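For reference, the structure discussed in these notes is given below.
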Amino acid sequence: MIELKSAAQLRLMRRAGLVVAEGLEAMTAAVAPGITTGEIDQIGRDVIAAHGATSNFLNYGEEYGIGFPGVACISVNDELVHGIPGDRVLAVGDMVSIDYGAIVEGWHADAARTVIVGEGTAEERELNHVTEEALWAGILAMRPGGRVGDVSKSIEKRIRQGSGHYGILREFTGHGIGSAMHMPPDVPNIRTFGRQVPLRLGMALAIEPMVTLGTHKTAELDDGWTIVSKDGSKGSHWENTAVLTERGIWVLTEFDGGESRLGERFGPLGD
Ligand code: MG
């Protein structure tokens with residue numbers, strides 16, 4: 001079952017989205033040589049606490065034996081997603097993905113940004129740009145009467161337009177979100193065939209392309225969480241929580257709701 005949200009529920013999700021936007025802004029601003037990923041996670045904790053929100057990442061999965069110990073997944077270089085924040089010290093050249101979420105009154109938001117410590121190489125910068133653009137291409141593919149597959153297809157198409165021979169992660173996908181962080185439907189980052197879930201008003205999707213400079217193949221580290229690329233290539237990961245409203249698209253995890261990127265498709269709900 002796909003959860004369709006009421007206007008009141010979407011406004012609560014927007015509050016969670018603004019906490020996520022603020023936390024990600026503070027954490028990405030702190031990325032610099034010498035800081036540890038654990039210190040960055042603490043910044044995210046402070047933002048959640050300041051708003052009286054709670055974390056949907058902290059203790060995630062504990063029913064399976066290994067609860068996630070941070071409020072953000074911080075994944076560096078060949079770590080693509082689900083990196084555990086801790087003692088790792090960031091250095092110039094590191095490519096750092098920060099994936100972070102919050103809950104307000106039971107409603108969830110989830111987003112990710114990737115930043116490079118220092119300038120990085122031209123190909124790393126392009127990977128990061130293409131991945132961010134692919135996120136927006138996917139968001140712009142959300143239309144009532146369309147299909148989740150339209151989102152996947154748009155993401156893949158934008159990544160293939162990049163000059164690199166990129167790997168697009170397949171085992172990990174975007175997802176529905178709302179009264180839980182991970183809900184149906186899955187939102188793959190490559191085109192899939194077969195029956196496709198229709199896009200409807202009130203649907204909320206966490207769209208999140210995960211792209212590498214090399215292979216799409218991944219492995220899990222012994223910590224039970226961290227996902228790395230099999231060939232050691234670096235990756236980029238961008239994510240937003242976006243909803244379809246009767247007015248258009250509302251990106252809950254951007255301060256401006258997506259207005260600057262969506263043009264006439266921008267459709268927030270009023271108060
Ligand atoms: Mg997500």
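Brief remarks on what is shown
- Ranked by the mean number of other Cβ atoms within 10 Å per residue, highest first, peptides 39-46, 104-111 order as 104-111, 39-46.
- Over the stretch 89-227, the ratio between the Cα radius of gyration and 2.2 N^0.38 Å evaluates to 1.09.
- For the chain, the fraction of 1.4 Å probe accessible surface lying on carbon and sulfur atoms is 50 percent.
- Dipole magnitude of the chain about its Cα centre (Cβ charges: Lys, Arg +1; Asp, Glu -1), debye to nearest 20: 1200
- Note that the stretch 7-258 presents 40 Å² accessible area per residue, ligands and nucleic acids not counted, probe 1.4 Å.
- Qualifying lysines (Cα of each under 23 Å from Cα of Lys217; at least 8 residues distant if same chain): Lys153, Lys157, Lys230, Lys234
- Shown here: the stretch 147-271, whose C-alpha atoms stretch 47, 34, 33 Å along the first, second and third principal axes, sorted largest to smallest.
- Scanning residues 5 or more positions from Val197 or on other chains, those with amide H under 5 Å from its amide H are Val148, Gly149, with H placed 1.01 Å from N in the peptide plane.
- Under Stokes-Einstein, with the Kirkwood radius over Cα pairs as Rh, the value for the stretch 7-258 at 20 °C and 1.002 mPa s is 120 µm²/s.
- In the stretch 7-258, Cα pairs under 8 Å separated by at least six residues give a relative contact order of 22 percent.
The values are calculated or read from the model by the stated rules, or taken from the named source; none is laboratory data. Since we're looking at a predicted model, the values are computed, not measured. As a convention, Cβ positions derive from the backbone with ideal geometry for all residues, glycine included, and neighbour counts pool all protein chains shown. For the accessible areas, the whole protein counts, side chains as well, though only heavy atoms, and no ligand, DNA or RNA atoms are used. Shrake-Rupley method; radii C 1.70, N 1.55, O 1.52, S 1.80 Å.
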